[in-house]
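The values are calculated or read from the model by the stated rules, or taken from the named source; none is laboratory data. All of these numbers come straight from a predicted model, not from anything done at the bench. Here the Cβ positions follow ideal geometry from the backbone for every residue, glycine too, while neighbour counts run over all protein chains shown. Accessible surface is based on the protein model in full, side chains and every heavy atom, while ligands, DNA and RNA are left aside. Shrake-Rupley method; radii C 1.70, N 1.55, O 1.52, S 1.80 Å.
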Amino acid sequence: MGIKTTLKLVDMNMAKVFAPWILRHPKYFLVFKKLVKSFKKSLVLRNKAKEEGYLVPPFMILSITKQCNLHCVGCYAAEVGTLDIESSSQLKIDEWRSIIKEANDLGVFAYIIGGGEPFLFPGLLELSKEFSERLFIIFTNGTAIKEDDFKVLKKLKNTAVIVSLEGDREATDFRRGKGVYEKALTTLKRLNKIGVLNGISVTINGLNYEHWMNPQLIDSLIKKGIRIGFFLEYIPSKKDITSSLMLTEQERKAFRAKILEYRSNKRIYLIHSPGDEELLGGCVSAGRGFAHITPSGDLTPCPVSNIASHNLKTSTLEEGLKSRLFKVIRENEHLLETEGVPCALFAHKEEVEELALSVGGYVINNKEKLIEIKQVKKSQKVS
Ligand SMILES: C[S@@+](CC[C@H](N)C(=O)[O-])C[C@H]1O[C@@H](n2cnc3c(N)ncnc32)[C@H](O)[C@@H]1O
Ligand code: SF4
């Protein structure tokens, strides 16, 4: 079967964007076949798990390090405490290796790498190189990729690099820091030049929304060789002033319509959250579409959520995926509804935290919260 026909089986847009790209970059041709084969194999394994009564997601999100060289306004990783984890408790490369190995055997097909800044994790690209039959999508701020990394990336054929941008220079430097826009653009140019599949990730918020409603901008990305665009609506992880950055309902609707328009007439593969999740019946966390591992090994439903019941230093991934916690989140369907907020679990934050405690889970990095909830529970029992 040809590349285009194979990709069409997964997604028409994928065929439209990636088939010509693969043909122009022949080094990806053989790898494409290998990845298709491993995708099919992983699907069989996931179906088997389903028959056995638990869900293995096709994607795992790995927050590979807490280290970061930037301080972006409203970064969810900073807000939920991922960046505050004790350095000494972080997973080492061998621990990540064995987690990925187990995940592969369970049927996970692709790894989305975040953090922190992944390129500050020594040995990051060794993982992509070692697990060459799996897809790696690395999110980066674009300021920490070293010369040696570019050399390795040039040879890797299973790895896409997604550089975060907010919009133009002003918008990007406002949220990410002075000079970041220039560095991110240089990185994108370089990735393109050496033939690495690349894209951008935009946190859509009230300040950059107008900017991305302009189709000419999408055209200019395509001209630069960018083939993937993640548009993640801004999630305020704390109910503080940054919640004002969230899109209004009207803006959200208009932006969704724009994404669908771009999808129909632009040669770029767009992923929109939460819009695309709604097509799948709501939030796809907790193993429905993905699950997340923190730098210290806690298995959480998604990167924006700080609840867990298993840590992969002491439990297997299979035990975590079979957990009561993941099951109750999926079973309580109303928890998967976004209710006007871009993240379903954030929309039900308190309820989700209580649910975690009720099934023996814990709230990561938030001992005070844990004590507070336990006290409320105790007083409820007394009265
Ligand atoms: C947490 S970062 C980690 C990877 C890397 N440091 C980077 O900036 O790309 C992953 C992505 O999440 C986005 N992001 C950060 N905070 C967010 C928030 N509050 N809501 C939605 N997306 C957010 C970032 O812009 C980035 O594209
Ligand atoms: S670079 Fe990424 S992890 Fe670091 S603060 Fe910015 S969004 Fe957060």
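Using a cutoff of 8 angstrom between alpha carbon atoms and counting only pairs six or more residues apart, the relative contact order for the chain works out to 16 percent.
Subtracting the Cα-Cα distance of Lys146 and Leu70 from 0.36 nm times their residue separation leaves 25.7 nm of extension gain.
Using C-alpha pairs under 8 Å with a sequence gap of at least 6, the mean separation divided by the residue count of segment 57-279 gives a relative contact order of 17 percent. Roll a 1.4 angstrom probe over the protein heavy atoms and tell me the percent of accessible area of the chain that is carbon or sulfur. That fraction is 56 percent. Relative to the longest principal axis of the C-alpha atoms of the chain, give the angle of the C-alpha long axis of helix 93-106, reported between 0 and 90° and rounded to the nearest 10°. Around 90 degrees separate the two axes. Modelled label positions at Asp105 and Lys253, each set 7 Å beyond Cα in the direction of Cβ, lie 5.1 nm from each other. Both the radius of gyration and Dmax for segment 139-250 are 14.9, 46 Å, in that order, over alpha-carbon atoms. 3J(HN,Hα) along segment 281-290: x, x, 3, 9, 7, 6, x, 5, x, 7 Hz, from the Karplus curve 6.51 cos²θ - 1.76 cosθ + 1.60 with θ = phi - 60°, whole Hz, x for Gly and Pro.
Taken over the chain, the ratio of Cα radius of gyration to 2.2 N^0.38 Å equals 0.96.
Think of the chain as a dipole: +1 on every Lys or Arg Cβ, -1 on every Asp or Glu Cβ, centred on the Cα centre; then among Val152, Ser164, Leu45, Val152 lies furthest on the positive end.
When shorter helices are ignored and each DSSP H run of at least 4 residues is given -39500 (n - 2.57), the per-residue value for the chain at 222 nm works out to -14000 deg cm²/dmol. In a DSSP loop and with at most 14 other Cβ atoms within 10 Å, the trypsin sites (Lys or Arg not before Pro) in segment 160-215 are Lys178. Placing unit charges on each Cβ (+1 for Lys and Arg, -1 for Asp and Glu) gives the chain a dipole about its Cα centre, and among Pro57, Thr6, Gln67 the Cα reaching farthest toward its positive end belongs to Thr6.
When both bridge partners sit in the chain, DSSP labels roughly 15% of those beta bridges antiparallel.
Taking every protein chain into account, the accessible area of the chain amounts to 47 square angstrom per residue (probe 1.4 Å). Legend: residue pairs Lys4/Lys92; Lys50/Lys193; Lys27/Lys224, Cα-Cα distance threshold 31 Å; pairs beyond threshold, Lys4/Lys92; Lys50/Lys193. With Cα atoms defining each centre, segment 286-300 and segment 105-141 are spaced 14 Å apart in the structure.
Over all pairs of different C-alpha atoms in segment 75-170, the reciprocal of the mean inverse distance, the Kirkwood hydrodynamic radius, equals 14.7 Å.
In segment 57-279, the C-alpha radius of gyration followed by the widest Cα-Cα span (Dmax) gives 17.3, 49 angstrom. The HN-Hα couplings worked out from phi for segment 36-50 by the Karplus form 6.51 cos²θ - 1.76 cosθ + 1.60 (θ = phi - 60°) are 4, 4, 6, 4, 5, 4, 5, 5, 4, 5, 5, 5, 5, 4, 4 Hz, whole numbers, x standing for Gly and Pro.
Where the centre of each part is set by its Cα atoms, how far does segment 27-75 sit from segment 162-213, in angstrom? If you average the Cα positions of each part, the centres end up 24 Å apart. A straight chain from Ser264 to Asn192 at 0.36 nm per residue would run longer than the Cα-Cα distance by 23.5 nm.
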